[in-house]
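One structure below.
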């Protein structure tokens, strides 16, 4: 894992959530990555220690992060939204009625296909 962190230009997180992945990304993890690396968290779980992340992003403006999940959904840690080298987008698509209706329509169509 350390070799991947040292060599990768982009790391995209998609782990399952359990006690081994809680705060998987902490102060030590990004320190092993390239200074200009990009970290993308799509995990839907609190795998990033956001307090450590805010500190890292402030200290290293070349390090970039994309988040659509927050440690304490729907709230972000103080300062995270103000940092220029992070893109934060709350993952709320499924909360919209249109998305829920579309998902239901697709599920009903798939069920009809299976039934025939």
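The values are calculated or read from the model by the stated rules, or taken from the named source; none is laboratory data. What you see is a predicted model, and the numbers here were worked out from it, not measured in a lab. Please note: Cβ atoms are built from the backbone with ideal geometry, for glycine as well, and neighbour counts cover all protein chains shown.
Condition check for residue 78 on (1) assigned to a loop (DSSP other than H, G, I, E, B); (2) in contact with a helix residue (DSSP H, G or I) (Cβ under 8 Å, 6 or more places away or on another chain); (3) closer than 24 Å to residue 9 by Cβ: one failure, at (3).
When segment 6-40 is filtered for residues that are in a helix (DSSP H, G or I) and either touching a strand residue (DSSP E or B) at 6+ places or on another chain (Cβ under 6 Å) or surrounded by fewer than 16 Cβ atoms within 10 Å (Cβ to Cβ) (or both), the ones remaining, listed by number, are 6, 7, 28, 31.
Being without any contact (Cβ under 8 Å) to a residue 24 or more places away in the chain and either out of contact with any strand residue (DSSP E or B) (no Cβ under 9 Å at 6 or more places or on another chain) or under 20 Å from residue 6 (Cβ atoms) (or both) is the requirement here; does residue 82 meet it?
yes
Condition check: farther than 27 Å from residue 20 by Cβ and at pLDDT 90 or above. Does residue 58 satisfy that? The answer is yes for residue 58.
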